[in-house]
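The values are calculated or read from the model by the stated rules, or taken from the named source; none is laboratory data. Here the structure is a predicted model, which is why all the values come from computation and not from measurement. Cβ coordinates were reconstructed from backbone atoms using ideal geometry, including for glycine residues, and neighbour counts include every protein chain displayed. Accessible surface areas use protein heavy atoms only, side chains included; no ligands, DNA or RNA. Shrake-Rupley method; radii C 1.70, N 1.55, O 1.52, S 1.80 Å.
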Amino acid sequence: KRHVSLDEASLSVNSMEDIYIEKDMAKHIYGIAASLETPYREVFFLRMEGLSFKEIGRILGKTENWARVTYYRARQMLQNMIMR
C-alpha cells in the first residue's frame, strides 16, 4: 500500500477543486450556448463535438467558410453573454 504525503494530498485536493470549477464553468457555458439562435447554437455544439469546419459545413449544407464565420460569431455572442 502506497502512502500519500501531505503535499501530494494537498495537490490532489487542489486538482479536484480545479476540475470541479472547470466542469461547473463548462456547464454554465453550455447552458448559455443552448440559448443561442440557430444556426449559431448548432455550429457551436458541432464544433465542441470535435467536428471540423468542413464537416460542419457539409452537415448543414453550407461552406466551410460559412461554418468558420458562424462559429466565430457564436463565440463572440457567448463572450458578450458571459461578461454580463
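Largest accessible area first, the listed residues TYR40, TYR71 line up as TYR40, TYR71 when surface is computed with a 1.4 Å probe on the assembled protein chains.
Take the Cα of MET83, step 7 Å toward its Cβ, do the same at TYR20, and the gap between the two points is 3.1 nm. First check a/c for region 14-64, with a ≥ b ≥ c the square roots of the eigenvalues of its C-alpha gyration tensor; if it is under 1.5, answer rounded, and if not, answer prolate when a/b is larger than b/c or oblate otherwise. Because a/c hits 1.5 or more and a/b fails to exceed b/c, region 14-64 counts as oblate. Put SER35, SER15 in order of accessible area, highest first, and with a 1.4 Å probe you get SER35, SER15.
The 3J(HN,Hα) values that the Karplus relation (6.51, -1.76, 1.60; θ = phi - 60°) gives for region 39-56 are, in residue order, x, 4, 4, 4, 5, 4, 5, 5, 5, 5, 7, x, 6, 6, 5, 5, 5, 4 Hz. Gly and Pro appear as x. A Förster radius of 25 Å, combined with the Cβ-Cβ distance separating GLU55 from HIS28, puts the computed FRET efficiency at roughly 0.40.
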